[in-house]
C-alpha cells in the first residue's frame, strides 16, 4: 500500500493567477459571472479571481489546473466521489464539476449505437431482433478500420474472423501484417500471454485422526456461533454406526447422523 502512494502536488497560486489571465473560460466568467460574486482577492501575495459569496474566498480553477486540484484534495485520503466533490466545491470554483460524461466519450458511445442500430435495421425482417444480434456483432468485429489499418477482431485474436461466405481459407500463405504500430504492439502483447495451469479443486486429502474408525466415542465440532470461552467440540458421544462419509451417534438420547468432516 505504501509503494502505491503518490506525492500530493502543491498548488502554485502564482502560476494559477497567470493562467486565470490567459484562460478564455475564466474571461467569460468575468463577463457573465451568473450567481457567482467574483472579486480579485490577495491570497499569499497572489491576486486571484475568487468567488466571495461564501464564508471563504474560492479561486476560479482554470481547466489546466483541475487535475492538480483534484490530486491535491483526493490523494489525502482517497475518499469517495461525493466527499471529494464537496471538498473541491468548498475550496474552488470548478465549472462543470458535476458533469457526468465528457462529450467526447458520450459521442463515441453514440456513434457505436448508431452503427449498431443501422446494422440491425438492415438485417431485421421480423420483431425478433435478438436473433439477428449475433451476426450483426460478428460483422462489426470484422469491419476494417481505416485509421487502424485492421479489424477489431485482428487487434485481439491476431487473425480475421471467417464470416459467412468465406467457406474456404485463403490460398495465400502470407501472414497478415497490419501497418499500424499500435496493432502490431497489441498483437505482440497478446502473444506473450500464457494460459494459467488448471487448478483441480476438491482433490486435497482431508486430515482424519488415525483412531477415528475404531473409536467407540467421538467429539463433534460445534459449528454454531461460539463465545470466547466455549469449547470448539461437543461430546463425547457414543458411536452406533460408521462409514467412510458419516457416523451415526447417540446424542441427547437420539440417533444423529454426522458428517465425518465434523468429527
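The values are calculated or read from the model by the stated rules, or taken from the named source; none is laboratory data. Just so we're clear, the structure is a prediction, and the values are computed from it rather than from any experiment. Glycine also receives a Cβ, built like all others from the backbone with ideal geometry; neighbour counts cover every protein chain displayed.
Please tell me if residue 208 is closer than 30 Å to residue 250 by Cβ and either part of a loop (DSSP other than H, G, I, E, B) or at pLDDT below 75 (or both).
The answer is yes for residue 208.
Do we find that residue 143 is touching a helix residue (DSSP H, G or I) at 6+ places or on another chain (Cβ under 9 Å), surrounded by 11 or more Cβ atoms within 10 Å (Cβ to Cβ) and within 30 Å of residue 30 (Cβ to Cβ) in this structure?
Criteria not met by residue 143.
Inspect region 192-205 for any residue being under 30 Å from residue 154 (Cα atoms), modelled with pLDDT under 75, outside any loop (DSSP other than H, G, I, E, B) and out of contact with any helix residue (DSSP H, G or I) (no Cβ under 7 Å at 6 or more places or on another chain) and give the result as yes or no.
Yes, some residue in region 192-205 is under 30 Å from residue 154 (Cα atoms), modelled with pLDDT under 75, outside any loop (DSSP other than H, G, I, E, B) and out of contact with any helix residue (DSSP H, G or I) (no Cβ under 7 Å at 6 or more places or on another chain).
Hey, residue 86 hits all of (1) more than 30 Å from residue 43 (Cα to Cα); (2) assigned by TED's automatic domain parsing to the domain that holds residue 57 but one; which does it fall short on?
(1) is the only condition that residue 86 fails.
Restricting attention to region 35-67, which residues are under 29 Å from the mean Cα position of the chain (by Cα), surrounded by fewer than 17 Cβ atoms within 10 Å (Cβ to Cβ) and touching a residue at least 12 places away in the same chain (Cβ under 8 Å)?
Within region 35-67, 63, 64, 66 qualify.
Residue by residue through region 9-34, note down the ones that are over 37 Å from the mean Cα position of the chain (by Cα), in a loop (DSSP other than H, G, I, E, B) and more than 20 Å from residue 90 (Cβ to Cβ).
32
Tell me, please, whether a residue that is without any contact (Cβ under 8 Å) to a residue 24 or more places away in the chain and in a strand (DSSP E or B) can be found in region 139-159.
yes
Looking at region 58-78, is at least one residue modelled with pLDDT of 85 or more, part of a strand (DSSP E or B) and under 17 Å from residue 15 (Cβ atoms)?
Yes - at least one qualifying residue is present in region 58-78.
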